[in-house]
1. What's the total number of residues in region A:65-81 that are over 17 Å from A:Leu327 (Cα atoms) and modelled with pLDDT under 95?
2. How many residues are within 16 Å of the chain's Cα centre (by Cα) and among the small types (Gly, Ala, Ser) when one looks only at region A:175-185?
3. When you scan region A:122-153, how many residues do you find that are touching a residue at least 60 places away in the same chain (Cβ under 8 Å) and more than 17 Å from the chain's Cα centre (by Cα)?
4. If we scan region A:319-326, do we find a residue that is more than 27 Å from A:Ala243 (Cβ to Cβ), without any contact (Cβ under 8 Å) to a residue 40 or more places away in the chain and surrounded by fewer than 20 Cβ atoms within 10 Å (Cβ to Cβ)?
5. Kindly provide the set of residues from region A:243-274 that are assigned to a loop (DSSP other than H, G, I, E, B) and either away from chain B (no Cβ under 14 Å) or at pLDDT 95 or above (or both), ordered by number.
6. Hey, among A:Asp134, A:Asp184, A:Asp200, which residue is at positive phi, in the same structural domain as A:Glu330 (by TED's automatic domain parsing) and surrounded by fewer than 19 Cβ atoms within 10 Å (Cβ to Cβ)?
Amino acid sequence: MAASPITNCGVRIVSSCDPSLNNAIAELRRDLGDGDFQHILAFYAIDHDAEKMSSALAYAFPDIPITGCSTAGEITPVGAVQGGILLVAFPRAGFRIHTGLIEDISNFGVERAAQMVRKLKSQIRDDSDRALRDRVFAMMMVDGLSNAEEPLIAAIHWAMNEIQLVGGSAGDGLSFENTSLIYDGNVVASGAALIFVECDVPFRIFKTQNFEPTATKLVVTAADSHNRIVYELNAEPAALEYATAIDLLPEDLGPFSFASYPLVVKIGGDYYCRSIRNMNPDRSLSFFCAIDEGLVFTVATPTDIVASTASALKDVESSMGKIDFVLGFECVLRRLDAENRQVRHKVEDIYQRYNVVGFHTYGEQYNAMHLNQTLTGIAFGHAS
Amino acid sequence: MHRNDQRLGVDSLANGDNSESIESLLQKIDRLSKINSVLMQRVERSMDQQANAFSLFQTAINLESEVRLRTNELNSTLERLEQSNAELVTARDTAERANRFKTRFFTAVGHDLLQPLHAAKLSLSAVAETGGDSEQSRLIARIDHALVSIEDILKTILDLSKLEDGYMKPALQDVALVDVFKPLLNEMEPIARAKGLSLTYRRNNFIIRSDPLMLRRILQNLLANAVRYTEIGRVFLAARRRGREVRIEVWDTGPGILAGEVDRIFEEFQRGAASEAADMSGFGLGLSIAQRMSEALGHTLDLCTRRERGTCFHVYAQFIDELTQSSRSKSPMVAHEAYGFQDAKVLIIDNEVAVLDAMRTVMEKWSCDCRFVSSLTDIEQLLAAEPDFAPQVVLADYHLDRGETGLDAIQLLRTRYGAAFNGVVVTADHTPEVQNAVAAADSQLLLKPVRPAELRALLQHLLA
């Protein structure tokens, strides 16, 4: 697969779909060339063994730190793929990247995350006239099956102050067994990688979503909030009540129906998606994000994903000038819903127009929030 | 509601009527649905305060909207600030431009007025020296008095312009107060006496740090005000040691200043309300200048006043030493009564015909052998025509025509006569640049308008 042209800011993006790890790495190595890179982000499918992948990448790029995670799909310069590898290589010029790893996030303390944030913040150069939030942003990659994103991101956010953050929860191609992170040559489970980027070119953090609520409400009457499992909705088995609400049979429920009929909650005047991950044999429903008893879900239907995505990126561009490229974190359910509605190619056209690359997630982080069924990202602009 | 539901149930059971029971059950379901939906809305509105993952999420969102709200508020505040800032900057620039214009205007007008004044005074002194009856002498004295007043006002305006410009740089030195007090008292005493006031000072031996000319001006203004606004009683000048400072005091027994006016009297063109009835001659600039000069010198100027009792202005200056009897080096100016200059050769250069004419009259009266020229070309012609005329004194106006200066003229003559003559540059230009240039050309500076007595004293000094 051909390499994308170098972005204007010097970031180089390459991808490979070769099923052989060795071939894929060789292809990536060749396409990336001999640039002076300071950091590589890697997004990979679970088709590749994480340990072998980590070693092969370390071997191919011996002097460049690599941070990466497994995905539910890769958004490459040539379109969305599954089973591939995407590398985003940041040059030394124009960027200064500081990374940290928070381990064992299921049993984490607020102080541990805040300490990491403070440590990374202390490495930021303070010799610039530009406000901190205009020259530094943070990215996060986190275990997508840890059920720990909300407390983690809350803790990180306390310490961030003005610095904005986006990120994605690692996926495992919808098998919901095991997601992984690569950090500093090691494979990490139940961890979160925090990446601070000092950026000379202008950038914007953004979020876009596409659904509208229906009149149908479902009340959580029994749940295990720690494991994000809802047992009952409206005092009925959760899957049964949900299927009834969307006019399907329980046995027909699957990722496509979860994508097409997301459940949303209303907070502070806005609706936020709380996506269903999968149906369990006992007809309970597992979620991608925190839930609670007494919660009122509203059944929603997606609106025009093509129009909303195009308009979001256009808004970014009108606020910043021409977009160089976008590092995006897109909920896997958005991809499924677009495929289901046969508009995926139109979304991809938009992505290619704005050079959107990234991966399909099990959840998106946006400043203090862990979200579902959104596209969050960083748009890089051109130096003024 | 609950009781009502129960009653509905009981009623329907008691009736035992099947069709009615179904109907009431349906009603019950409707009600339950309604209650349920109300409850749902209620739950939706409530804030969950439990510290679990979902409430963290909820808190995060609320924080997020709070942050957005505050950011927007901040942004609009910033915008407003920026806007009013820009407006302020524009207003300030406009004010500064107006101020600079005002200063330039005063300076230019001042200079332009000093020139004809200079000529008028010279002519008047020539008229005075022709003698004439007492009526004529009285008129001449009145005109002279008026001209002196105009001159004082003009100088005041020029001083003020220079202070505004930050032009006036004090030349700080050790000053014996008595050297300032004595001539000042001599000068002011006749005016006070004319008003029936007593003007006295207490002797002292203080040496302070100040600029003698500026200090003299400050005290002169304070004394002039005191004399002007006091109708009965006395004006008194004194100095007292106050630790490391000397406090110079100007007392009067005038009407005092209203408490509300104390701050305003230092502003230009302000005079105390108590003075309304008093003699209105002169501008209300005196105090303003005294204060600005005090600021420039690092002296503090304040006052205490009592209605109908009088006012005392204080000037605080740094104490340096006390004068001992032996260290006094007073060399009183010897008044030269000799009249003529025995055909002293004087070359006078001025581009103003009126000035040249006036000078001619005066100089002829003083028996000087004069030549009058108005440009460098004239000088060259004179040198060619009268190679034997070697001037003892060259009196050159600073600003000549076509950009030539009196210094150029002196320069030209120096090439011929070297240091054999005394150069005097006459100018209305009070700037330090001109003063320095004149000093550098080894010449004397005479400021316009020239008082004939002053000119004669200078000539005497130079020809001695």
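The values are calculated or read from the model by the stated rules, or taken from the named source; none is laboratory data. Computed from a predicted model, the values in this text were never measured in an experiment. Glycine gets a Cβ as well: all are built from the backbone with ideal geometry, and neighbour counts include every protein chain shown.
1. Going through region A:65-81 one residue at a time, the tally reaches 0.
2. Of the residues in region A:175-185, 1 are within 16 Å of the chain's Cα centre (by Cα) and among the small types (Gly, Ala, Ser).
3. So the answer is 6.
4. Looking through region A:319-326, none of the residues is more than 27 Å from A:Ala243 (Cβ to Cβ), without any contact (Cβ under 8 Å) to a residue 40 or more places away in the chain and surrounded by fewer than 20 Cβ atoms within 10 Å (Cβ to Cβ).
5. Selection gives A:Ile246, A:Asp247, A:Leu248, A:Leu249, A:Leu253, A:Gly254, A:Tyr261, A:Pro262.
6. A:Asp184
Matching residues to (1) at pLDDT below 95; (2) assigned to a loop (DSSP other than H, G, I, E, B); (3) under 27 Å from the mean Cα position of the chain (by Cα):
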| position | (1), (2), (3) |
| --- | --- |
| A:Val187 | no, no, yes |
| A:Ala193 | no, no, yes |
| A:Val197 | no, no, yes |
| A:Glu212 | yes, no, yes |
| A:Lys217 | yes, no, no |
| A:Ala223 | yes, no, yes |
| A:Val230 | yes, no, yes |
| A:Glu241 | yes, no, no |
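Yes/no per residue for (1) among the charged types (D, E, K, R); (2) at pLDDT below 80:
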site	(1), (2)
B:Asn72	no, yes
B:Arg80	yes, no
B:Gln83	no, no
B:Ala95	no, no
B:Phe106	no, yes
B:Gly110	no, yes
B:Ala120	no, no
B:Gly131	no, yes
